[in-house]
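A.B. asks: Sharing a structure with you now.
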Amino acid sequence: MLIGITGTPGTGKTSVTKLMENDPSYQVIHLNELIREENLYSEVDHERDCVVADMDLVYNRVLELQDKLYPVTIVDSHLSHHIADIVIVLRTSPEKLKERLEKRKYSVEKVRENLEAEALDIILAEAVDWCEKVFELNTTGGTVDGTFKDIGKIIKALKRGETEEIEQAYRPGSVDWSDYLFD
Ligand code: ADP
Ligand code: MN
């Protein structure tokens, strides 16, 4: 089973998937690292200081790396909803996200772009459009460990094939940042 952990930068994808690495039932692929290490991009965007991934190359490489010995392969990236059919979208209130992103070396413009994307539910909307199953998980108040446990609950239900309850508990649209929309 291939599961994407997606969300705006700073919502906690890498922190929580680092914890998942210690669990033998998960194979974890940190996609942004892989894209840079293996040059799986078509362009370098110097203005935004990032690369433009070649999603065909990326998808094929993930399928190659997927190790069927693990029941679950986790893909950590804000791009993972482009390639996985089941995704968990991490969400963080723009207020909290601002704090987290300002700690990084992001430019003022890049912080603003990401806060806007989060406030407007951009990644969630893409995931709902493209993926078969989408779960939305709020990481604003809790801890990384709490997020890890919530993801564990979702995966356990997926494995059992009994998803009705978690689809309700983590349904897309369960968080709402419309109060944070700014000028
Ligand atoms: P991403 O990979 O999505 O860009 P990171 O994991 O690199 O995000 O950074 C998220 C930051 O938020 C980390 O410093 C992490 O410790 C913090 N954080 C606080 N609460 C949570 C939570 N509930 N879940 C995940 N991360 C959290
Ligand atoms: Mn990350």
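A.B. asks: Out of the range 1-17, which residues are open to solvent by 10 Å² or more (accessible area, probe 1.4 Å) and more than 9 Å from ligand 1 (Cβ to nearest atom)?
C.D. replies: The answer is Met1, Leu2.
A.B. asks: Would a scan of the range 103-110 turn up a residue that is touching a strand residue (DSSP E or B) at 6+ places or on another chain (Cβ under 8 Å), outside any loop (DSSP other than H, G, I, E, B) and among the aliphatic types (A, V, I, L, M)?
C.D. replies: Within the range 103-110, none of the residues are touching a strand residue (DSSP E or B) at 6+ places or on another chain (Cβ under 8 Å), outside any loop (DSSP other than H, G, I, E, B) and among the aliphatic types (A, V, I, L, M).
A.B. asks: Quick one: how many residues across the range 26-59 are under 19 Å from the mean Cα position of the chain (by Cα) and either open to solvent by less than 60 Å² (accessible area, probe 1.4 Å) or under 20 Å from Ile5 (Cβ atoms) (or both)?
C.D. replies: 20
A.B. asks: Next question, about the same structure. Evaluate the following for Glu95: is it within 11 Å of ligand 1 (Cβ to nearest atom), in a helix (DSSP H, G or I) and closer than 21 Å to Thr147 by Cα? Walk me through how you get there before you give the answer.
C.D. replies: Working: within 11 Å of ligand 1 (Cβ to nearest atom): no; in a helix (DSSP H, G or I): yes; closer than 21 Å to Thr147 by Cα: yes.
No: the conditions fail for Glu95.
A.B. asks: All but one of (1) away from ligand 1 (no atom under 16 Å from the Cβ); (2) open to solvent by less than 40 Å² (accessible area, probe 1.4 Å) hold for Glu64; state the number of the condition that does not hold.
C.D. replies: Glu64 satisfies all of (1) away from ligand 1 (no atom under 16 Å from the Cβ); (2) open to solvent by less than 40 Å² (accessible area, probe 1.4 Å) except (2).
A.B. asks: Those residues that are among the acidic types (Asp, Glu), open to solvent by 20 Å² or more (accessible area, probe 1.4 Å) and touching a residue at least 60 places away in the same chain (Cβ under 8 Å), I need them from the range 69-115; list them, please.
C.D. replies: If the condition is that a residue be among the acidic types (Asp, Glu), open to solvent by 20 Å² or more (accessible area, probe 1.4 Å) and touching a residue at least 60 places away in the same chain (Cβ under 8 Å), then Asp85, Glu95 are the ones that fit.
A.B. asks: Would it be correct to say that Leu137 is within 16 Å of ligand 2 (Cβ to nearest atom), at pLDDT 95 or above and of a type in the set (A, V, I, L, M)?
C.D. replies: Numbers: within 16 Å of ligand 2 (Cβ to nearest atom): yes; at pLDDT 95 or above: yes; of a type in the set (A, V, I, L, M): yes.
Answer is yes for this residue.
The values are calculated or read from the model by the stated rules, or taken from the named source; none is laboratory data. If you're wondering where the values come from, they're calculated on a predicted model, not measured in any experiment. So basically every Cβ, Gly included, is an ideal-geometry build from the backbone, and we count neighbours across all protein chains shown. In case anyone asks, the SASA skips ligands and DNA or RNA and just uses the protein heavy atoms, side chains included. Shrake-Rupley method; radii C 1.70, N 1.55, O 1.52, S 1.80 Å.
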